[in-house]
1. Would you say Asn125 is among the polar types (S, T, N, Q) and either more than 25 Å from Leu46 (Cα to Cα) or touching a residue at least 60 places away in the same chain (Cβ under 8 Å) (or both)?
2. Restricting the first residue to the stretch 52-68 and requiring it to be at positive phi, which pairs with a second residue that is modelled with pLDDT of 95 or more and not hydroxyl-bearing (Ser, Thr, Tyr) meet a Cβ separation below 9 Å and a spacing of at least six or different chains?
3. Name the residues in the stretch 79-106 that are of a type in the set (Lys, Arg) and assigned to a loop (DSSP other than H, G, I, E, B), would you?
4. Please tell me if His133 is touching a strand residue (DSSP E or B) at 6+ places or on another chain (Cβ under 9 Å) and open to solvent by 20 Å² or more (accessible area, probe 1.4 Å).
5. Those residues that are over 20 Å from Gly65 (Cα atoms), of a type in the set (Lys, Arg) and either outside any loop (DSSP other than H, G, I, E, B) or at pLDDT 95 or above (or both), I need them from the stretch 107-153; list them, please.
6. With assigned to a loop (DSSP other than H, G, I, E, B), free of Cβ contacts under 8 Å to residues at least 24 places away in the same chain and over 13 Å from Ile144 (Cα atoms) as the only criterion, which of Glu76, Glu48 stands out?
7. Just one of (1) under 12 Å from the mean Cα position of the chain (by Cα); (2) more than 18 Å from Asn168 (Cα to Cα) trips up Leu97, so point out which.
8. Please work out which residue is surrounded by the fewest Cβ atoms within 10 Å (Cβ to Cβ), limiting yourself to the stretch 144-168 and to residues that are without any contact (Cβ under 8 Å) to a residue 60 or more places away in the chain and touching a Ser or Thr at 6+ places or on another chain (Cβ under 8 Å).
Amino acid sequence: MLIRASRCSKKIRFALIIALFQFCIYSQSHATENPFPESSTAFIKLNELRDRASDLTVKALDLLGIRYKRGGSTPENGLDCSGFVRLVFKDALGAELPRTAQEISKIGEHIEAKDLQPGDLVFYNTLRKGFSHVGIYLGDNKFIHSPSAGGQVRVESMDIAYWKKRFNGGRRIND
């Protein structure tokens, strides 16, 4: 699935962001009923994680359609994959991440593919070397990234053979 913001009006783009956000939250929070009392530490932590993930995914989706530029770090001039991830984390959480995908891959907590949550980072081998590409996991086996020259920030399925073959792992950046 490929979503291009250039084909969407602002209202449709906003509706898409809301729908994806609601789906991610609904599918995770309603998969099982909440076993924690609302005053418990676990319940509070779950809410914090949900809020953090929603901040990251909404900010990331807001950048749909921004063109790719190698070494780019601003929406006005274009973004490469790590520039995109760094901008999202800085704007959503105030977090400063390293400059390259490979450097980013060394921080945070390793996450297995089956345990990915919205807001986690996903890494790929796209340049015949590990951890050369990074994106942000959205849920439902989808991720958002700034792909390559001629491309734009977009959402793609991790189930596509190209991405499956090149998956290097996931990381969760903790505050």
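The values are calculated or read from the model by the stated rules, or taken from the named source; none is laboratory data. Computed from a predicted structure; not experimentally measured. As a convention, Cβ positions derive from the backbone with ideal geometry for all residues, glycine included, and neighbour counts pool all protein chains shown. Surface areas here come from the heavy atoms of the whole protein model, side chains and all, with no ligands, DNA or RNA. Shrake-Rupley method; radii C 1.70, N 1.55, O 1.52, S 1.80 Å.
1. Working: among the polar types (S, T, N, Q): yes; either more than 25 Å from Leu46 (Cα to Cα) or touching a residue at least 60 places away in the same chain (Cβ under 8 Å) (or both): yes.
Criteria met by Asn125.
2. As it stands, the answer is Gly65/Gln152; Gly65/Val153; Gly65/Arg154, since those pairs meet every condition given.
3. Listed by number, the residues that qualify are Arg99, Lys106.
4. Values: touching a strand residue (DSSP E or B) at 6+ places or on another chain (Cβ under 9 Å): yes; open to solvent by 20 Å² or more (accessible area, probe 1.4 Å): no.
No; evaluated as a whole, the condition is false for this residue.
5. Lys114, the sole residue that qualifies.
6. Working: Glu48 fails: assigned to a loop (DSSP other than H, G, I, E, B).
Exactly one residue qualifies, and that residue is Glu76.
7. (1)
8. Keep residues of the stretch 144-168 that are without any contact (Cβ under 8 Å) to a residue 60 or more places away in the chain, which gives 158-167.
Right, trim to touching a Ser or Thr at 6+ places or on another chain (Cβ under 8 Å) and you get 163, 166.
Numbers: Trp163: 19, Arg166: 16.
That would be Arg166.
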